[in-house]
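Beneath this line is the structure, given in structure tokens, with notes to follow.
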Amino acid sequence: MKKAIISSILILISSSSVAQCNKFLEKTAPDSRYIINNDGTAYDKETNLTWMRCSMTHDWEPYDNVCKRKISFVDEELKLAPYMTHKEAKLAVVKANEDKLLGKNDWYLPDIKELSSIIELACSFPSINNTVFPSTDNMLYWSSSVPDQNKGTGAFFWAVNFSYGYDASTFLKEKTNVRLVRRGK
């Protein structure tokens, strides 16, 4: 029984969300804008940025060409990869660079303009190019940008909600998702 429950959970976790796109709207982030690399990254020819195709809560599966939710067993309980506060997201970036993720040490948390650049306005749930960025969660993703009205407090940061593709000022202790980026190819 326990194995059946765990198997059901794994199937649910590994299923990817498929964007609902309006075929009558012009794509704002079409496939042709990106070069998809074999290492789980995509190069954006328009912005000269290389993005991790998967969120930090997912691992790239090159044989299946998909992002699969990270899971682990802790004290015999199934645990999903955690979403992160803004501080945890910044620490994850430091760790990715210390570990030389994909042989690189220049990964960073995108600013709000960079993160907003990958929004696909013709799609929702998620509002992103699902071919380039598979299994993107319908939720907020952290940016490194602070809203002008909060520059002194540092209590809020901009995030992008990929459910509908809008940005939002978000409390820094909110737990949400992260997608790493680096400049150039």
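The values are calculated or read from the model by the stated rules, or taken from the named source; none is laboratory data. Since we're looking at a predicted model, the values are computed, not measured. With ideal geometry, Cβ positions are generated from the backbone for all residues, glycine too; neighbour counts draw on all protein chains shown.
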Checked region 91-110 for anything of a type outside the set (V, I, T) and touching a residue at least 40 places away in the same chain (Cβ under 8 Å); matches are A92, A96, L101, L102, K104, D106, W107, Y108, L109, P110
**Asked** Just wondering, is there one or more residues in region 15-37 that are surrounded by fewer than 16 Cβ atoms within 10 Å (Cβ to Cβ), at pLDDT 95 or above and in contact with a helix residue (DSSP H, G or I) (Cβ under 7 Å, 6 or more places away or on another chain)?
**Response** no
For region 38-60 the number of residues that are at pLDDT below 95, crowded, with 22+ Cβ neighbours inside 10 Å and not in a loop (DSSP other than H, G, I, E, B) is 1
- [ ] Assess whether L25 counts as being more than 16 Å from F162 (Cβ to Cβ) and more than 18 Å from the chain's Cα centre (by Cα).
- [x] yes
